[in-house]
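The values are calculated or read from the model by the stated rules, or taken from the named source; none is laboratory data. All figures in this text were calculated on a predicted structure; none of them were measured in a lab. Here the Cβ positions follow ideal geometry from the backbone for every residue, glycine too, while neighbour counts run over all protein chains shown. Just the protein is used for accessible areas: all its heavy atoms, side chains included, with ligands, DNA and RNA removed. Shrake-Rupley method; radii C 1.70, N 1.55, O 1.52, S 1.80 Å.
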Amino acid sequence: MKRLTLADCFDPDGERFGIPTYPWRYAPDDLATRRQLRTRGLRPGGQDIAAQILRPRRRREPLTAYLYRVDLARPVRPMTPARWAALAKANAARRRCPECGRDAGYVIPSSLGSCVTCAFPEDQRAA
Ligand SMILES: [Zn+2]
């Protein structure tokens, strides 16, 4: 693929890319990425992607970020006791070692797949 320039990324009608496209940092103010919405306490709220921004990179595919309409965004749902409980349960599951079944006290690294004690038993004996 030919390297895109910033000018190539300016396609507000979506004629080239199929959806409205803006170069990095040149998107209109009424559009925001999911992360930008989040900093304002908003979420996309089920709306479709309104546009994208492209950031050309040297010798690689451009970085893409999807944009949502700020006027259609919804407030982030407040945490309820049930949602806190579900979150705590999910986090507890991520700390539980599948090898020994104990709560490791930290999230099990996916690269190890078990707690450090199970992953490196010989190190633990030497220590
Ligand atoms: Zn373990």
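Note on region 46-102: among residues that are over 28 Å from LEU6 (Cα atoms) and touching a Cys at 6+ places or on another chain (Cβ under 8 Å), the one that is least open to solvent (accessible area, probe 1.4 Å) is CYS97.
Selection over region 23-45 of residues that are over 19 Å from LEU72 (Cα atoms) and open to solvent by 30 Å² or more (accessible area, probe 1.4 Å) gives a count of 3.
Highlighted here are the helices (runs of 4 or more DSSP H) found entirely within region 18-127 that include at least 2 residues which are within 16 Å of the ligand (Cβ to nearest atom): 81-95, 116-119, 121-126.
Per this entry, ASP11 is not counted among residues that are modelled with pLDDT of 90 or more and open to solvent by 100 Å² or more (accessible area, probe 1.4 Å).
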